[in-house]
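The values are calculated or read from the model by the stated rules, or taken from the named source; none is laboratory data. For clarity, every value in this text was computed on a predicted model and none was experimentally measured. Methodologically, a virtual Cβ is constructed for each residue, glycine included, from the backbone with ideal geometry; neighbour enumeration extends over all protein chains shown. Just the protein is used for accessible areas: all its heavy atoms, side chains included, with ligands, DNA and RNA removed. Shrake-Rupley method; radii C 1.70, N 1.55, O 1.52, S 1.80 Å.
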Amino acid sequence: MTVSSCVPGQHRSLGPSISKVRSLKLDSSVWSNELVELFLEVGNKNANSFWAANLPLEEDLYREASAEQRATFIRRKYRERKYTSVLEGFNDLEHLNKALCAAVVSSDVLQTMALVFSGADVMCATGDPTYSTPYLLAQRAGQKLQMEFLHQNKLSPVFGHLLIADSMATSLASFLCVFVRRGPPRTSFSYMARRWCTLEGGFLSYYESERSPSAIGRVDATEVISLAVNHTETMTGAGAVFTVELYLQTERLLIFGAETQETQHDWIQALTKVTQFADTSELIGRLHYKEGHDLYYWRMGWFMLEGSSLHFSSGEEEGEEEVLQLKQLQELIITVFLSLFFHIYINRTVYIHGFNKMDFTVWHSAIKLAAGTDGNALGDQQLTKNGVPIIVDSCIAFVTQYGELHCISQPGNPGRVSHLLEEFTHDARNVKLREKEHQLQDVTDTLKSFLSQAEDALLTKELYPYWVSALDEKSERQRVKKYSAFIESLPKINRSTLEALLQHLYRIQQCSHLNRMPSEKLASVFSSCLFQTRGQTTQEISVVHDLISNYITLFSVSLKCSCGVFFSFVSPSMRPTELAETALNMRNVAVNADDFWTTFEVIENGELERPLHHSEKILEQVLEWSSLDYPSSAFLVIKKFETKHCISKHFLKGDYLKFSDGCSKLLSGHKFQDKYVVLHSEKLLLYRDIKSAKAEKTIPLKDVKCYLGLKKRLKPPTK
C-alpha cells in the first residue's frame, strides 16, 4: 500500500508503505508534520470509502494494467467522480456549507473531506464576523488536522483536494513539460517529454515520473511574470496537447502541455491562484507601465489580454481596472530602451516595459496581433477611434476630398479594387490613399466590396424583414420612427459604421446639382451591399433612400458652434458671413450694428484658428480637412471678429520676429530664428537683419493662410 497525494495536479507516490512513512526523507519546505499526520489519519481505505464507494468490481484496476488504463481509471474516479458516495440530506450548497462549518470544529477529518469533495466551499462565510471562514473556526477549536486540510485545499484547482489514493494510481492531471533556458519564446515542440508535475506549497515541481524520489526542477510560482495560454491543440513529439507557457523573471520559459482542455483549465486555475493572477484568458502577467499626466514614475500593474481587449490595473484599488480596445490602436512603437508604448482611441499614450527581453517580446507580439485584422467580420477589422473600420473611414475620406462633386456610380477596375481590398485587409493602418495613385471609382468599389463581403450585412440579415416591412407605413415620420428603433438594436460597430456611411452619402446628395447623385441614385448603388443581396429590389432601394434622406433625424445630427449655435446644412455656395448670419438668426442672437461676426476655422484641437476670408466657400474649406493629419481635430466657430481694418495694398510695416519654416534641417531643426520681417505690396519679405539689402525669402500673401495660436508641437520660444 502506498501513500499518495491525489489533488488533481498533485498526485505522486510518497513511499512503499504507510509503516515506513515516518522514515522517509521528505522535503520539509513542503511536507510539514501536520501534512504527514493528515495522510496517516486518513489513509487509503478511508479515502476510498468516499472515492470508490460505488466502484464496480469489473472496473477496478488490476496490477498489470497499462498506463493508459490507469489514466482512464483515475480520470473516471477523481475527475468524473463516477464511483463516489452520495451524501444524503444535502439539497444545495448552503446546506453543505453549514455542515462543513459544523464538521471543522470536530476531529472528524473524513466528514470534512466528504463535504468538500461533494461541493462545499472551503472559503464560505460562517456568519461569525470574528471567525469568518471554516479555517478560522478550526483554528479556534484547536483542530490542527482540519486546519491543514482546509489550508491545502484553498489553493487547489476546482476538483483538486488533498486525499489518499490507490497504490496503482497515476497522475490525474499529467502534464508534458519541456524546460527551456534563455530560448526563444516559441521553441520546437518536438522535444517535449512527459513529466510528472506537482503544485504544492507555492512551488511547481516536475519529476521524471510519478515514482521518482526527487524533482528534476522546481519553480517558485511567484517568479512567474507572464502566463500564455494556447486554446488550440499543438502537435508535439508526444502527441497533441494544449500548451501553457510560463515566463519567469530569470528570462526562462516553461512550456507545459495538457492532454485535454479540461486538464489545462484546472492547471491554469491553480497556477493563477498561486501567482495571484486573475482568471486567465490568452495572456496575463505583471508589467511596468506609466500613462496620463504622471510620466515620470513607472508603476507595476496587472495586464490581461482577452481577444482584442487589454485589461490593466495597478491592483491598488478595487474597480480601478481599465480596458484598452486594441482594434482602435493608433500607434505601436518600440523604443531603444526596450519599452513598448502605444497610442489608442482615448487620445493618450501608455508606456509599457517588461521584466526582460523574452517577456517583452511576447507581449509586443501579442498586442500587435490583437490590434490587427483577424477575420472578415466588422468587429475583426482595425478601427478608428470612433469605432469605424479604417477601410470604411479611409475610403469615405478619399471620396470626400476628391469625389463629392463627381459622379461615383461608374465601376472601378476589378484588379485594382481586389488589390486595394487585400492591402486594407492585411494592414489597414498603413494604407494611404493618394489622388495620384488611386482612382475615385476604384476606391468607391473597394468600399462597396468590403461591405458586400463582410461576415454579416451592415443592416444585418436578421433585421431584413423588419426594414422592408417598415415600408408598409405610408407616413414617412412613422417609417423613420421604426428605422430609429432598428438602428438602436444594431451591434455598436454596425451602428457607428452605418452613421459614418449615411453621413457620407447625405453630403454627396446635398451636392447632387453638381455630381448628379441624388439620394435615389445613391440608394440604388449602395442598397445591395448594405443588405448583402445579389440583386437590387425596389423595397431595398426605398429603405436606403429613406435612411439617406433622413440621416439628420435618425442620428440627431447637428453641427455645434462656440456660441451654442446648431445647424444641420451648409450649401456648396455658402460663404463665412452668410453662415454666421444664418446661425445667429437661428439662435435669435442680438447683433449690434458695429459688430462683425464671421466664421472661424479651428485646427490642431483648438491650438490654431483663423477667420475665413469672405470669398472662401465653407464646404470647400471643410473638404480640405481630410488632408490634415487629424481631420477630426478641425471645426468651425461662429464668433465676433474684434478688428476690421482695411489695409492698403501699399501698406508697409517692418519688425524683428521669430521665424521657423518648419523644415527639418540638420543644424537648425525646428528652432525659431530672429528675422527682420517686412510686410509690403502683398508680400512678406524676410531679411537676415535690418541692414540686409536683399531678402532671404519672399512669400506672396495670396498663397498664405494665417493662423493665430500656440502650436505646441513646434515648440515656440514664448507663449
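Run Asp472 past the list (1) under 20 Å from Lys461 (Cα atoms); (2) within 34 Å of the chain's Cα centre (by Cα); (3) at pLDDT below 95 and report the number of the one that doesn't hold. Tallying (1) under 20 Å from Lys461 (Cα atoms); (2) within 34 Å of the chain's Cα centre (by Cα); (3) at pLDDT below 95, Asp472 fails exactly one: (2).
Report whether or not Val42 is of a type outside the set (Asp, Glu) and either assigned by the TED database to the domain that holds Pro213 or in contact with an Asp or Glu (Cβ under 8 Å, 6 or more places away or on another chain) (or both). Spelling it out, it is not the case that Val42 is of a type outside the set (Asp, Glu) and either assigned by the TED database to the domain that holds Pro213 or in contact with an Asp or Glu (Cβ under 8 Å, 6 or more places away or on another chain) (or both). If you go through segment 44-100 and keep only what is within 24 Å of Leu137 (Cβ to Cβ) and of a type outside the set (A, V, I, L, M), you end up with Asn46, Phe50, Glu88, Gly89, Phe90, Asn91, Asp92, Glu94, His95, Asn97, Lys98. Scanning for something under 38 Å from the mean Cα position of the chain (by Cα), assigned to a loop (DSSP other than H, G, I, E, B), surrounded by 12 or more Cβ atoms within 10 Å (Cβ to Cβ) and modelled with pLDDT under 75, does segment 592-608 turn up at least one residue? No: zero hits. Does at least one position in segment 292-304 carry a residue that is modelled with pLDDT of 85 or more, open to solvent by 60 Å² or more (accessible area, probe 1.4 Å) and of a type in the set (D, E, K, R)? Taking every residue of segment 292-304 in turn, none turns out to be modelled with pLDDT of 85 or more, open to solvent by 60 Å² or more (accessible area, probe 1.4 Å) and of a type in the set (D, E, K, R).
Selection within segment 358-395: residues that are more than 18 Å from the chain's Cα centre (by Cα) and at pLDDT 90 or above. The member of this set that is most open to solvent (accessible area, probe 1.4 Å) is Asp393. Restricting attention to segment 213-265 and to residues that are among the small types (Gly, Ala, Ser) and in a loop (DSSP other than H, G, I, E, B), the residue that is surrounded by the fewest Cβ atoms within 10 Å (Cβ to Cβ) turns out to be Ser214. Going residue by residue through segment 54-73, is there one that turns out to be in contact (Cβ under 8 Å) with a residue 60 or more places away in the chain, part of a loop (DSSP other than H, G, I, E, B) and of a type in the set (D, E, K, R)? There is at least one residue in segment 54-73 that is in contact (Cβ under 8 Å) with a residue 60 or more places away in the chain, part of a loop (DSSP other than H, G, I, E, B) and of a type in the set (D, E, K, R).
Do any helices (runs of 4 or more DSSP H) lying entirely in segment 364-482 carry at least 3 residues that are under 24 Å from Ser549 (Cβ atoms), and which ones are they?
Of the helices (runs of 4 or more DSSP H) lying wholly inside segment 364-482, those with at least 3 residues that are under 24 Å from Ser549 (Cβ atoms) span 390-402, 440-453, 464-469.
Scanning segment 104-136 for residues being over 16 Å from Ala47 (Cα atoms), crowded, with 19+ Cβ neighbours inside 10 Å and in contact (Cβ under 8 Å) with a residue 24 or more places away in the chain gives a total of 5. Selection of segment 329-357 for residues being open to solvent by less than 20 Å² (accessible area, probe 1.4 Å), closer than 23 Å to Lys385 by Cβ and at pLDDT 80 or above yields Leu329, Val350, Ile352. Among the residues that make up segment 628-650, is at least one of them open to solvent by 80 Å² or more (accessible area, probe 1.4 Å), at pLDDT 85 or above and not assigned by the TED database to the domain that holds Gln510? Yes - at least one qualifying residue is present in segment 628-650. Beta carbons closer than 6 Å, at least 6 apart along the sequence or on distinct chains, pair a first residue in segment 218-229 that is among the acidic types (Asp, Glu) with a second that is open to solvent by less than 10 Å² (accessible area, probe 1.4 Å) and at pLDDT 85 or above for Glu223/Leu248.
Of all residues in segment 82-103, those that are surrounded by fewer than 17 Cβ atoms within 10 Å (Cβ to Cβ) and within 27 Å of Glu37 (Cα to Cα) total 4.
Would you confirm whether or not segment 262-283 contains a residue that is of a type in the set (Ser, Thr, Tyr), in contact with a strand residue (DSSP E or B) (Cβ under 7 Å, 6 or more places away or on another chain) and modelled with pLDDT of 80 or more? Scanning segment 262-283 turns up no residue that is of a type in the set (Ser, Thr, Tyr), in contact with a strand residue (DSSP E or B) (Cβ under 7 Å, 6 or more places away or on another chain) and modelled with pLDDT of 80 or more. With respect to Ala47, is the statement that it is open to solvent by less than 30 Å² (accessible area, probe 1.4 Å) and not β-branched (Val, Ile, Thr) true? Yes; evaluated as a whole, the condition is true for this residue. Close contacts from segment 302-313, counting a first residue that is touching a residue at least 40 places away in the same chain (Cβ under 8 Å) and a second that is open to solvent by 30 Å² or more (accessible area, probe 1.4 Å) and not in a strand (DSSP E or B), with Cβ to Cβ under 6 Å and a gap of 6+ residues or different chains, come to Leu305/Glu282.
The one condition from (1) surrounded by fewer than 20 Cβ atoms within 10 Å (Cβ to Cβ); (2) within 27 Å of Cys511 (Cα to Cα); (3) at pLDDT 90 or above; (4) of a type in the set (A, V, I, L, M) that Leu421 does not meet is (2). Of the residues contained in segment 653-669, one or more are found to be modelled with pLDDT of 75 or more, open to solvent by less than 40 Å² (accessible area, probe 1.4 Å) and closer than 23 Å to Thr718 by Cα.
Checked against the criterion of being at pLDDT 85 or above and over 30 Å from Glu581 (Cβ atoms), the candidates Leu612, Leu684 yield just one match: Leu684. The listed residues are Leu459, Leu440, Leu433, and the only one of them that is closer than 16 Å to Ile396 by Cα, open to solvent by less than 50 Å² (accessible area, probe 1.4 Å) and under 30 Å from the mean Cα position of the chain (by Cα) turns out to be Leu433. Among the residues of segment 159-169, some residue qualifies, meaning at least one is over 21 Å from Ala270 (Cβ atoms), buried (at least 21 other Cβ atoms within 10 Å of the Cβ), at pLDDT below 85 and among the acidic types (Asp, Glu). For segment 488-506, the set of residues classified as over 25 Å from the mean Cα position of the chain (by Cα) and open to solvent by less than 20 Å² (accessible area, probe 1.4 Å) consists of Leu502, His504, Leu505, listed by residue number.
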